[in-house]
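*Asks:* Can you keep this structure in mind? I'll have questions shortly.
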Amino acid sequence: MMGRLNEPQAGIPRILAIPAGILLVTSALFAGLILGYPLFFQETIYPGVRVQDVDLGGMTVDQARAAMEEKIGVAPDRTLTLKGVDHTVAVKWRELGRRYDWAGTAEAAYQAGRGGRWYRRSTAAWRMRLEGEDIDPKITPADSTKVEALLNDLAPQIYVAPRDATLSLGPEGVTCTPGRGGWALDAHATTEAISAAIERGARVADLHVTTLLPDLPEPDPGCREARKILSAPFTVAVDDPLSGTQASFNASPKEVVTWLSPVILDDRIEVQIDEGAIEAWLVEIASQLNTDVILDVERTLTKVLAAAAEGDHGTEAVVRHPAGTYVVQPGDTLFDIAYRHGFPLWRLEEANPDVEPGELLIGMELTIPSIDVLFPEPLVPGKRIEIDLPEQRLRAYEDETVVYDFTCSSGMTSTPTIAGQFQVLFKEPEAYAQRWSLEMPYFMAIYYEGPDFANGIHELPIRADGQRLWASVLGWPASYGCIILDVGDAKKLYDWAPVGTLVRVEGVAPGTPVVP
């Protein structure tokens, strides 16, 4: 007999059947709960939303703002370290006007999970409830006025003035100090660095500076000049072949340094030389010389200044020679007096304009001119010509070495060659003596017999007809006052002796009467 289909079999438990309607209602309620959940928090923040461990769930925006201000504070308790060249400054964010924006943060917390489509909002609300949601607090930017005030306070502390190079001179020597750069706070760049550091949450920001260059970075050329000048004593040498005076005067570096002082010209340091100090030293030197010479302080000063400026350590003094006096003796003539003192007659007359040549009186005092009137040119160092009248020979010396030794003829008794010290005044390769109608090859004038007529050294003269004079008597007085050399010898001497060469004429020519 067949049983009912729905009746349970023996040994098989009965399964409770849930009506489909109940399942449908339950699913609808659950979906409504899920989807309608956000509606419960239309005015408040979703549960699970936190800011720095402060749970804001269920709070209104105003309540959340108040809660964060109370539990966290109004400003971040963070420090920003500002590092400069030799300064490190720690400053709190709040000192820079950096504050929490709790109103903005509360608004951000409220908006959490409310974006997107409705189904996303529903799931986001439940996710935050179950998992939580951390919101970073919003922070206001730094206050530019407070940053500016901070940098204004720091600027004087950071400022380092540039230092110019210096040069000091003293008994201890030369001290040269190079210049050094300085710096000043670059407020604009530092403000940007602070703002950028705060924005990215950095703990360190650079204090930017502007380099300041010195006006005088180096102590040269003054330092170099001073060291060169003071590296050795300065010497002024007196070497006067006319009087035979030789002397040397040294100024030690400790004395020379008193002549110098550093000065700033444009953008460099130079050494200025005190002319007055050198002049005083030269005056002291002048007082130590013998009476045969007079130191020409002005001209020697010029040479010292030029040498010092070049870094040289010495120069030769310029000397003058004093005029002399002579008391007329019985039998004297003006010509004899001039001859004995090595001057042509007109030079003695020039020095004694009030004396009539034919009216000399015994005991009358005459002025003997300075030998300087015979030396208008600087003497050539190292060369000299010596003419020995008794031997009738001319010798040329380079230092103490004889370069040439020639036979010569001097002036006749009626037109004697003056003995004395002279120099080569000028040179003419083909001179002409109109007074005697003679050509004088390789002529070198050595003194003026008259204001506009010179005696000198030349080759055997040539008459208008081409005949050479005095070749047969060379070696004996024969000329009208000049020194005559053989053909070839005069040219050699002419080429060797420049203008300014010292010429000494010594002794008395054979046959010349001795003047008492």
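*Asks:* Within the stretch 212-226, name every residue whose backbone N is under 12 Å away from a label modeled 7 Å from Cα of Ala184 along the Cβ vector.
*Replies:* The answer is 212-213, whose backbone nitrogens lie closer than 12 Å to the label point.
*Asks:* Could you work out the relative contact order of the stretch 323-370, using alpha carbon pairs under 8 angstrom and six or more residues apart, expressed as a whole percent?
*Replies:* Here the relative contact order equals 59 percent.
*Asks:* Let me make sure I get this right: for the stretch 368-516, a, b and c are the square roots of the gyration tensor eigenvalues over alpha carbons, sorted descending. Under 1.5 in a/c it's rounded, otherwise prolate if a/b > b/c, else oblate. Which is it?
*Replies:* Working: a/c = 1.27, a/b = 1.17, b/c = 1.09.
Rounded.
*Asks:* If I compute percent of Cα pairs over 35 Å apart from the structure I just sent, which labelled value in (1) 39; (2) 56; (3) 68 lines up?
*Replies:* Checking each listed value against the structure points to (3).
*Asks:* Find the cysteines in the chain that fail to meet the 4.7 Å Cβ criterion with every other cysteine, and list them.
*Replies:* By the Cβ distance rule, which asks for a partner under 4.7 Å, the isolated cysteines are Cys408, Cys482.
*Asks:* Counting helices only, and only those DSSP H runs with n ≥ 4, report the 222 nm mean residue ellipticity of the chain as the sum of -39,500 (n - 2.57) divided by its residues, in deg cm²/dmol to the nearest 500.
*Replies:* -8000 deg cm²/dmol
*Asks:* Hey, another quick one. Determine the gain in length on full extension of the stretch Asp62-Thr81; use 0.36 nm per residue of separation and subtract their C-alpha separation, reporting nm with one decimal.
*Replies:* Once the chain is fully extended between Asp62 and Thr81, it gains 3.4 nm.
*Asks:* Let me know the number of lysine pairs in the chain closer than 24 Å at the Cα, not counting same-chain pairs under 8 apart.
*Replies:* Lysine pairs meeting the criterion: 16.
*Asks:* While we're here: Can you put Ile362, Ile462, Ile229, Ile45 in order of Cβ neighbours within 10 angstrom, beginning with the fewest?
*Replies:* With the sparsest Cβ surroundings first, the list reads Ile362, Ile462, Ile229, Ile45.
*Asks:* With a Förster radius of 30 Å, plug the Cβ-Cβ distance of Ser168 and Thr211 into 1/(1 + (r/R0)^6) and report the FRET value to the nearest 0.05. Numbers along the way, then the final one.
*Replies:* Working: r = 26 Å, r/R0 = 0.88.
With R0 = 30 Å, the Cβ-Cβ based efficiency is 0.70.
*Asks:* Taking R0 as 35 Å, what's the FRET efficiency between Gln467 and Asp405 from their Cβ-Cβ distance, rounded to 0.05?
*Replies:* Once rounded, the FRET efficiency stands at 0.80.
*Asks:* Let me ask something additional. How many angstrom lie between the C-alpha centres of the stretch 67-138 and the stretch 287-327?
*Replies:* A separation of 93 Å, based on Cα centres.
*Asks:* Which helices, taking whole DSSP H runs in the chain, have alpha carbons extending 24 angstrom or more along the helix axis plus mean Kyte-Doolittle at least 1.6? Walk me through the intermediate numbers first.
*Replies:* Numbers: long enough: none.
Within the chain not a single helix satisfies the rule.
*Asks:* Rounded to the nearest 0.05, what FRET efficiency is calculated for Asp55 and Asp153 with R0 set to 45 Å and r the Cβ-Cβ distance?
*Replies:* It comes to 0.60.
*Asks:* Could the peptides 485-493, 173-181 be put in order, highest first, of the mean number of other beta-carbon atoms found within 10 Å of their residues?
*Replies:* Result, highest mean Cβ count within 10 Å first: 485-493, 173-181.
The numbers here are math on the coordinates, done by the rules we state, and not lab data. Predicted model only: the values in this text are computed from it and were never measured. Quick reminder, even Gly has a Cβ in these numbers, built from the backbone with ideal geometry, and neighbours come from all protein chains shown.
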